[in-house]
Amino acid sequence: MRIGILQCGHFPTADGFRDRTYSELYSGFLDGNGLTFDTWSVVDMEFPDKVTDAEGWLITGSRYGAYDDLPFIPKLESFIREAYDADVPLVGICFGHQIIAQALGGKVEKFLGGWSTGRVEYEFQGDSLPLNAWHQDQVVEKPSEAEVVGATEFCQYAALAYKGRAISLQPHPEFDDDEMRLLLEARAPGVVPDDMIAAALADVGKPVANARIAQWVADFFKESTDG
């Protein structure tokens with residue numbers, strides 16, 4: 001099954017850390033599930049010609065806000081609506097989660113409650129799953145067609161499912177220890193409160209449920225096409 005990665009940003013680099021691309025992060029996250037991947041850098045205005053150019057679409061994280069006045073955002077929203085109407089399966093993570101919600105009638109804001117960083121326990125489909133978080137923006141109003149399948153007290157719309165056509169989640173199941181350390185040590189200082197950085201760094205290395213979410217995403221893609 002061919003999955004198109006819609007790259008909405010560029011993963012940061014920092015001295016002392018290996019360089020990673022979003023394409024590598026997401027294809028590695030889903031490795032071993034019989035999926036193949038091609039990437040379009042939509043943040044650089046590189047878009048597929050048609051929503052059927054892949055059998056499913058994965059929309060990545062980004063440093064940008066879904067509400068930002070950037071040329072790729074309205075075009076991406078139109079692509080999301082067209083794919084959704086054509087029943088081409090969509091998966092969104094972090095920014096991808098937010099932009100799907102916004103494109104389909106929800107609302108995204110820079111959350112007044114501040115940041116969520118590091119290892120967080122999410123109530124996900126009846127289980128408590130630890131996953132890595134890195135966000136201040138979040139969905140504050142969900143689209144009418146979306147069902148809440150994951151949440152915390154801080155983030156009530158942490159994972160959404162859309163009638164078999166799309167799924168999305170706010171945390172980062174593609175982030176392992178290296179990615180979290182890079183963000184916390186190189187990006188967070190001066191942006192995220194120091195006590196939050198320290199607490200998140202203390203949790204790096206503890207187990208997270210990335211494999212559980214990878215299976216959820218892979219099963220969604222394959223079941224959508226089996227359909």
Boolean, residue 146 is touching a residue at least 40 places away in the same chain (Cβ under 8 Å) and touching a Leu at 6+ places or on another chain (Cβ under 8 Å): yes
Give the residue, chosen from 153, 174, 185, that is of a type in the set (Asp, Glu) and crowded, with 18+ Cβ neighbours inside 10 Å. 174
Please specify each residue of segment 192-222 satisfying the condition of being within 21 Å of the chain's Cα centre (by Cα), free of Cβ contacts under 8 Å to residues at least 12 places away in the same chain and over 16 Å from residue 25 (Cα atoms). 219
Starting from segment 8-24, keep only residues that are of a type in the set (Asp, Glu) and modelled with pLDDT under 90, then list their pairs with residues that are surrounded by 15 or more Cβ atoms within 10 Å (Cβ to Cβ) and outside any helix (DSSP H, G or I) whose Cβ atoms are within a distance under 9 Å, requiring at least 6 positions of separation or different chains. 19/11
Go through 32, 28 for me and flag whichever is part of a loop (DSSP other than H, G, I, E, B), surrounded by fewer than 19 Cβ atoms within 10 Å (Cβ to Cβ) and of a type in the set (Gly, Ala, Ser). 32
What do you reckon, is residue 21 within 17 Å of the chain's Cα centre (by Cα) and within 20 Å of residue 165 (Cβ to Cβ)? no
Scan segment 152-160 and give yes if some residue there is over 19 Å from the mean Cα position of the chain (by Cα) and touching a residue at least 40 places away in the same chain (Cβ under 8 Å), otherwise no. no
Could you tell me whether segment 162-173 includes any residue that is among the β-branched types (Val, Ile, Thr) and in contact with a helix residue (DSSP H, G or I) (Cβ under 8 Å, 6 or more places away or on another chain)? yes
Considering only strands (runs of 3 or more DSSP E) wholly within segment 111-181, the ones with at least 1 residues that are among the polar types (S, T, N, Q) and within 26 Å of residue 85 (Cα to Cα) are 137-141, 166-169
Restricting attention to segment 79-87, does a residue exist that is closer than 22 Å to residue 219 by Cα, out of contact with any strand residue (DSSP E or B) (no Cβ under 6 Å at 6 or more places or on another chain), in a loop (DSSP other than H, G, I, E, B) and of a type outside the set (A, V, I, L, M)? yes
Per the filter on segment 182-227, residues over 30 Å from residue 87 (Cα atoms), among the basic types (Lys, Arg) and assigned to a helix (DSSP H, G or I) are 187
Given (1) in a helix (DSSP H, G or I); (2) farther than 20 Å from residue 166 by Cβ, number of the condition residue 100 does not satisfy: (2)
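The values are calculated or read from the model by the stated rules, or taken from the named source; none is laboratory data. Quick caveat: nothing in here was measured; it's all calculated off a predicted structure. Positions of Cβ are backbone-derived with ideal geometry, glycine not excepted, and every protein chain shown enters the neighbour counts.
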